[in-house]
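Report on the following structure.
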């Protein structure tokens, strides 16, 4: 299973846009857009999800499931838990930067 947040994170790590990911996976741009707009776990047909995961693996990306250990080397990022609304609210939507906190 892959979440929409993981999908967006993979694109960011690879430095590619939705069009490029669609080409790598052999999917349409609207399919990628629908997947990224999902809340939580991506739902789609098995063939599309398989193509997406295969494209990630070919690009050298390891998806790590909840509670799973990463066996590969290299750098990575993992959330310790669900992002909290307070942390998300500190983001400046205009620039995507974290606003300073007081206190």
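Okay, here's what the table says:
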{"item": "Number of the exception - residue 27 against (1) surrounded by 12 or more Cβ atoms within 10 Å (Cβ to Cβ); (2) in contact with a helix residue (DSSP H, G or I) (Cβ under 8 Å, 6 or more places away or on another chain); (3) assigned to a helix (DSSP H, G or I); (4) modelled with pLDDT of 95 or more", "result": "(3)"}
{"item": "Per-region count, segment 30-43, residues touching a residue at least 12 places away in the same chain (Cβ under 8 Å) and either assigned to a helix (DSSP H, G or I) or exposed (fewer than 15 other Cβ atoms within 10 Å of the Cβ) (or both)", "result": "9"}
{"item": "Qualifying residue in segment 49-67 (condition: touching a residue at least 40 places away in the same chain (Cβ under 8 Å) and touching a strand residue (DSSP E or B) at 6+ places or on another chain (Cβ under 8 Å))", "result": "no"}
{"item": "Residue in segment 79-97 that is part of a strand (DSSP E or B) and at pLDDT 65 or above present", "result": "no"}
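The values are calculated or read from the model by the stated rules, or taken from the named source; none is laboratory data. Keep in mind that this is a model prediction, so the values were computed, not measured. In this analysis, Cβ positions are derived from the backbone assuming ideal geometry, glycine residues included, and neighbour counts consider all displayed protein chains.
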